[in-house]
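Reading through the structure tokens given below for one structure.
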Protein chains: 4
Amino acid sequence: MQELTSFLNTFGINIDLALEAKDLIRGATGREIPGVVEEKQTFPHGSVTIIKITNKQGEAIMGKPCGTYITIEAPNLRFRSPEVQESVAEVIAKNLISLLQIPEKATILIVGLGNWQATPDALGPTVVKHILITRHLHLQMPQVVANYRPVCAFAPGVLGITGIETAEIIKGVVEKVKPALIIAIDSLAATNVSRLGTTIQIGDTGISPGSGVNNKRMGINSETMGVPVIAIGVPTVVNAAIIGRMALENYHQRFAQGRLNHYGVKQVLEEIFQPFQGGLIVTPREIDDLIENAGRTVTRGINMALHPQAPKEELEALL
Amino acid sequence: MQELTSFLNTFGINIDLALEAKDLIRGATGREIPGVVEEKQTFPHGSVTIIKITNKQGEAIMGKPCGTYITIEAPNLRFRSPEVQESVAEVIAKNLISLLQIPEKATILIVGLGNWQATPDALGPTVVKHILITRHLHLQMPQVVANYRPVCAFAPGVLGITGIETAEIIKGVVEKVKPALIIAIDSLAATNVSRLGTTIQIGDTGISPGSGVNNKRMGINSETMGVPVIAIGVPTVVNAAIIGRMALENYHQRFAQGRLNHYGVKQVLEEIFQPFQGGLIVTPREIDDLIENAGRTVTRGINMALHPQAPKEELEALL
Amino acid sequence: MQELTSFLNTFGINIDLALEAKDLIRGATGREIPGVVEEKQTFPHGSVTIIKITNKQGEAIMGKPCGTYITIEAPNLRFRSPEVQESVAEVIAKNLISLLQIPEKATILIVGLGNWQATPDALGPTVVKHILITRHLHLQMPQVVANYRPVCAFAPGVLGITGIETAEIIKGVVEKVKPALIIAIDSLAATNVSRLGTTIQIGDTGISPGSGVNNKRMGINSETMGVPVIAIGVPTVVNAAIIGRMALENYHQRFAQGRLNHYGVKQVLEEIFQPFQGGLIVTPREIDDLIENAGRTVTRGINMALHPQAPKEELEALL
Amino acid sequence: MQELTSFLNTFGINIDLALEAKDLIRGATGREIPGVVEEKQTFPHGSVTIIKITNKQGEAIMGKPCGTYITIEAPNLRFRSPEVQESVAEVIAKNLISLLQIPEKATILIVGLGNWQATPDALGPTVVKHILITRHLHLQMPQVVANYRPVCAFAPGVLGITGIETAEIIKGVVEKVKPALIIAIDSLAATNVSRLGTTIQIGDTGISPGSGVNNKRMGINSETMGVPVIAIGVPTVVNAAIIGRMALENYHQRFAQGRLNHYGVKQVLEEIFQPFQGGLIVTPREIDDLIENAGRTVTRGINMALHPQAPKEELEALL
């Protein structure tokens, strides 16, 4: 476990998915994690795992703040089927609603994190582009949107392009818009390639520093923002160093005698990735398709969750 | 003149360029405009006209606030020549510097107005994408950017996509970043097709409500923002109704007897444009090229103006 | 009529829609056009006009070759409703099928004309990007596509970007692929702004020289290609000179005494458009949306027409 | 060596760079390769290695046809410096000229292989978009392009999108255009991440089946095309399986006793990559920038090589 933590640190890798963090820790220790409760459900196209971190001990072990982390796993999402998309969107909606503890007509601000110019990081801006926006209509022609909640959205960009901390920009806008709740969308990194485009995490603790494809430096959460922050993320990349490590570990477990020399592993991988300083990612060849497909599914799920009174056909039409 | 104003109002048309407003008024009245001072210079590839509105009377007649409006006209900008681009960028830099009344190392916030998803309105986001960003480097590794001023930039989107007033978003960010000055970049509408992509307006009064390709509803200026706002705009479209009116006027002046029936003109044009409610634009077929070319020239001009101590080769390299 | 022809020639304007050509001629002469037969139907969201040019006299007057021109007019297409899209797609499919005189499993080549880098001309490449492609699957795993016809598609680009006549590129590919029929998709110019994105023309005479947003220099038809060519086009622009002329004509008809001086009209408009040599277009502000919406509708219509045995849900899923 | 070949086959991996193939074989055998001659030069920003495969034995060992493979390695290309770009473009031009055995004014066809919708495969279409096209001007206004060779270009798309073999499309166009020579541009896969965007291979044997990011199924070479084919490629991805293997090999060489069980390696990596069937790639986070930068450099190099009589400023201006 310590070796793993040290490895992740060397390569600046954060475990974005609570489910993966839990599996890594359980795999290493073989025991229940104190302060962590888990519940699993299935649905026709996959499963939903709800992990709750309930105390400081759980926080420390998991490296994530107390709260609820819902992970939807739907392997068939990879195959652009509208039926699967709709089924998963409904599961997103249902689970997202379970975290919305706000009045029915309270304003929600959607924040699309990431960089629309760098394909693997474009999930957030893609959702902002397609999400149903109604806040201005509530001000201009309220009768038209009587069945809809006021929703607004924007994409704050990334530090390297704006020169401004993402959290700072969001905080500025929050102070003007005064939403009751923020939903932040982000591209995540997974440790397992099978999760790319097929896993969706919904959490009520916001965005932690160091997370996402394009690492955030400041948290985006209820402490920094002053209102609850729900984060929705989809893994679009695996850090390339993890592939190397996984190959070495799996091989040693099965074919080699003797313990793996973890210092050696780090050294070997550092050399391989040295020219890009850890900035290399593993992603499917069709990364552009992956982002579009995942973005569409998340968008539908959010729309359904936020506007339960709107007729479903109308919602689809507005997509 | 009243007829013109009434015509523009009918079609929701704003005269974005001070130079055009002045010419329209002078053309109609044939007289000097009280409270408006003009000065004209030339440079190898064009001319620079500096219009100053100096009092309330000038404001009322021109429909624009007191301040300085610099118009660079460079017909050859249409022909993607790097030489012309560089020459115009230098003229932009020189004139922009004349409006920068702030300390050498004060932070500047560049705001790219408009919608990057709608080609004719994408100038602002294009400049934000390419402009040199240094503010975060001043915080992280100040020695590397010793020759550079702290600059940050972002694109706030448009009301129809975010559900939030553009000015509100900017104000929120301004309160966090606390820049000494804002430079706002916008796509403009002209009344003359020859200006498309070849005219650049730099003004020190910010952005007025109702201006730009995608009309703003709230001003972005020193009153609303609390710091000076310099606006840089390039016409990328002509409102289609203006073409119809211009055809009628020019024809009548030269070929027809009798006065033009202005009520009839409005009626005829309203019928032609009715299905799109005035939202039709005239633009060159190669609108995508036009935006890229104009965006590049403005970006270079701003970079030169903001970092006078940086070696020119370095600036070009960073482009 | 001669005046109109001379006007269109001056500005290099082609009347792309047979329906508009017919209306212009009928409007001028007030009489039936010999060699031209017309039939009109309606459907819930619009109408279908089938014009047949049946002899040389009709050809000469209409300026279009003998054949069938089906025009679907659906004003509600402007409002991105999936219901309207589907209804229009079904009408496209039904009418397209009426022109498909080829065996059920014969190969079809879809050609997306135009330039994907210039938004108003991007309809063809957009359809190619989304259309269902099955020809390679028929070669690799025929059982999977047993219910589908072999379809292939490509976008040949435009002369200014490739340096090769579009018709030459297509002819080369046709000689390799040997399709039984070509369907060519193109952005058109209309003379009436209300048609932008709401009219669809399907014709069995291919593409004429001089037509489309980006004029073709060589015809793409059964003579040049050796197989039947069906053309599907959607107006995305109006030539800007036409707006000026329309304003003058409508005004004079209603408000002015005396005949319009057509030489004067030309002169006035030439001056207005001189800097861009007629290359200015009128288009909605949301040209990017328009292209996406129209492209999607045409794509669905073609898919339905070409694969009548495929289950509809499967077709939608593959979109 | 056999193990390597078997590993590459399992994962459907082709060694695109002759220099890498040679180094792998030399590394495994430690001996000169019969039928392979190598020459190395340096230039301020890197080195040029010219590998000639001179006989059947060399072909068999290298897995590549007889011919010349020029590899330019310029590690600084990663840092978007215009100075480095220009220096590398000049080296490209010089080496490309050495392979052009055709008359000064003979027509050249540039073919941009790959898929512009999938970022890592978009190098070819990017070059086609920016390359100087003159063939149509030679037909329309020959005096304007007197100093230029006739050049045309197109992007044939990929099998999965067109349903047509890429080589078939090219062959069809070649038979119409009848160029004296083809230059084919392609995104390549490397085995070493340090090559991404920094290595350029120029070869006179065309494109082999199975090569490139998006594997070709038919060769594009003088046998299939009937004219010489020069291929220019830049690695933009590393196959993810190679990273795993490299980690295992480097680790075992240095830290482990006992031989690596190659069957075990394959098994472990197959499991890791199973969900994507080998379709996972390793690429820098900024893949969009990488493609733009490499595309620009290759474009400049080709322009310089093809138009030696054109003034350099004019060429740059036309970029």
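The values are calculated or read from the model by the stated rules, or taken from the named source; none is laboratory data. Only a predicted model underlies this, so the values are computations on that prediction, with no experimental measurement involved. Positions of Cβ are generated from backbone atoms using ideal geometry, with glycine treated the same way; all protein chains shown enter the neighbour counts. Accessible surface is based on the protein model in full, side chains and every heavy atom, while ligands, DNA and RNA are left aside. Shrake-Rupley method; radii C 1.70, N 1.55, O 1.52, S 1.80 Å.
Numbers below:
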quantity: Residues (open to solvent by 20 Å² or more (accessible area, probe 1.4 Å) and of a type in the set (D, E, K, R)) located in region D:166-206; calculated: D:E168, D:K171, D:E175, D:K176, D:K178, D:R195, D:D204
quantity: Output for region A:40-66, where each listed residue is among the β-branched types (V, I, T) and modelled with pLDDT of 95 or more; calculated: A:T42, A:V48, A:T49, A:I50, A:I51, A:I53, A:T54
quantity: Number of the condition not met by B:R26 [criteria: (1) in contact (Cβ under 8 Å) with a residue 40 or more places away in the chain; (2) surrounded by 13 or more Cβ atoms within 10 Å (Cβ to Cβ)]; calculated: (1)
quantity: Long-range neighbours under 9 Å by Cβ, at least six apart or interchain, first residue at pLDDT 90 or above and charged (D, E, K, R) within region A:79-103, second part of a helix (DSSP H, G or I) and open to solvent by less than 10 Å² (accessible area, probe 1.4 Å); calculated: A:E86/A:T297; A:E90/A:G301; A:K94/A:G301; A:K94/A:A305
quantity: Candidates B:R285, B:R254, B:R296 - the one that is closer than 30 Å to B:E90 by Cβ, within 14 Å of chain C (Cβ to nearest Cβ) and open to solvent by 50 Å² or more (accessible area, probe 1.4 Å); calculated: B:R285
quantity: Residues being free of Cβ contacts under 8 Å to residues at least 24 places away in the same chain and open to solvent by less than 30 Å² (accessible area, probe 1.4 Å) - total across region D:3-23; calculated: 1
quantity: Among residues of region D:227-251, those that are in contact with an Asp or Glu (Cβ under 9 Å, 6 or more places away or on another chain) and open to solvent by 20 Å² or more (accessible area, probe 1.4 Å), counted; calculated: 2
quantity: Members of region B:64-76 that are closer than 18 Å to B:P235 by Cβ, buried (at least 17 other Cβ atoms within 10 Å of the Cβ) and not acidic (D, E); calculated: B:K64, B:Y69, B:I70, B:T71, B:I72, B:A74
quantity: Single residue of A:L306, A:L290, A:L260, A:L280 found to be in contact with a strand residue (DSSP E or B) (Cβ under 7 Å, 6 or more places away or on another chain), open to solvent by 10 Å² or more (accessible area, probe 1.4 Å) and hydrophobic (A, V, I, L, M, F, W, C); calculated: A:L290
quantity: Test for A:P209: is it in contact with a Leu (Cβ under 8 Å, 6 or more places away or on another chain) and open to solvent by 50 Å² or more (accessible area, probe 1.4 Å); calculated: no
quantity: Matching strands (runs of 3 or more DSSP E) fully within region B:12-75 where at least 3 residues are among the charged types (D, E, K, R); calculated: B:36-43
quantity: Residue check for C:V128: buried (at least 20 other Cβ atoms within 10 Å of the Cβ) and part of a strand (DSSP E or B); calculated: no
quantity: Breaking point among (1) surrounded by fewer than 24 Cβ atoms within 10 Å (Cβ to Cβ); (2) at pLDDT 95 or above; (3) in contact with a helix residue (DSSP H, G or I) (Cβ under 9 Å, 6 or more places away or on another chain), for D:S222; calculated: (3)
quantity: Qualifying residue in region C:111-125 (condition: among the polar types (S, T, N, Q), modelled with pLDDT of 95 or more and either assigned to a helix (DSSP H, G or I) or in contact with a Ser or Thr (Cβ under 9 Å, 6 or more places away or on another chain) (or both)); calculated: no
quantity: Elements of type strands (runs of 3 or more DSSP E) in region B:132-250, at least 3 residues being within 14 Å of chain A (Cβ to nearest Cβ); calculated: B:151-154
quantity: Among residues of region B:77-92, those that are open to solvent by 60 Å² or more (accessible area, probe 1.4 Å) and closer than 12 Å to B:T198 by Cα, counted; calculated: 2
quantity: Selected residue (criterion: surrounded by the most Cβ atoms within 10 Å (Cβ to Cβ)) from residues of region C:29-57 that are acidic (D, E) and under 27 Å from C:A89 (Cβ atoms); calculated: C:E38
